[in-house]
Amino acid sequence: MDEMVLRGMAKWPNVPAVYGWLSLDRRGNWLIKGETISNPGVCEFIGRNYERDSGGRWFFQNGPQRVFVSFEYTPLVYRAVNGDDAPLSLQSHIGAEVTLVSGVWIDENGALLIETEHGIGLVHDHDLDKVLPAFIDERGNPLPEDALDERMQVVQQGRTAPLWLQYGESNVHVDAVNSAQVPRRFGFDASPTAPHDAPECA
């Protein structure tokens, strides 16, 4: 977290938290009351002070005030930052580089989710073309387009297919997941609400 944020937390430790104002969409955009935040400096500030608590609620620590975040889907959105012919390299929407991919899923709508050392996140739909070459078969070989399409459709239908994602030195099997089960399965609160006895802060 930023030093000014830490100082504010120490000076004013009991500022009421804010709920229902800040959200994250499927493409990693921050929104306040449904309006996209377009200022890059503000977005970077939010990203540097973005954390999660022990209850799976993600928040932006705005000085002494904790602003809880709701999600259109997941608390992180991953971007492919490699060149077209380079091995797959991923980064979260707040700029954290990915060194380890521990799980890969396709939901019933064809969305691609990955779990990294930073947490569960959706892969940005504009980056799928960069991710596709990293899919391999059981022997570690790249898949022809028709075979890849077929196996991805099988997983999208909730079944098992011989499909892996290669990331660095790891080959991670691609599994099916139902989108409605994602928050509970991965332990996050998609829409935090204030406890009934919490002070209001509008």
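Of note:
- Projected label points at F45 and V15, each 7 Å from Cα along the beta carbon direction, are separated by 1.1 nanometres.
- Within segment 73-202, percent of DSSP bridges classed antiparallel, to nearest 5: 75
- Within the accessible area of segment 14-154 (1.4 Å probe), percent carbon and sulfur: 45
- Residues with amide H under 5 Å from that of R57, placed H, sequence gap 5 or more: D189
- The Rg/Rh ratio for the chain is 1.02, where Rg is the radius of gyration of the alpha carbons and Rh is the Kirkwood radius.
- Neighbourhood net charge (14 Å Cβ-Cβ; Lys/Arg +1, Asp/Glu -1) for S89: -3
- Accessible heavy-atom area order of F186, F59, highest first, probe of 1.4 Å: F186, F59
- Cut-off under 5 Å, modelled amide H: who pairs with W21 long-range: none
- Taking Lys and Arg as +1 and Asp and Glu as -1, the other residues whose beta-carbon sits under 12 Å from that of H124 total 0.
- Hz values of 3J(HN,Hα) by residue in segment 62-72 - Karplus curve (6.51, -1.76, 1.60), Gly and Pro given as x: 9, x, x, 9, 8, 10, 6, 10, 9, 10, 5
- Looking at the chain, the accessible area is 55 square angstrom per residue; that uses a 1.4 Å probe and ignores ligands, DNA and RNA.
The values are calculated or read from the model by the stated rules, or taken from the named source; none is laboratory data. If you're wondering where the values come from, they're calculated on a predicted model, not measured in any experiment. Virtual Cβ from ideal backbone geometry, glycine too; neighbours counted across all protein chains shown. Accessible surface areas use protein heavy atoms only, side chains included; no ligands, DNA or RNA. Shrake-Rupley method; radii C 1.70, N 1.55, O 1.52, S 1.80 Å.
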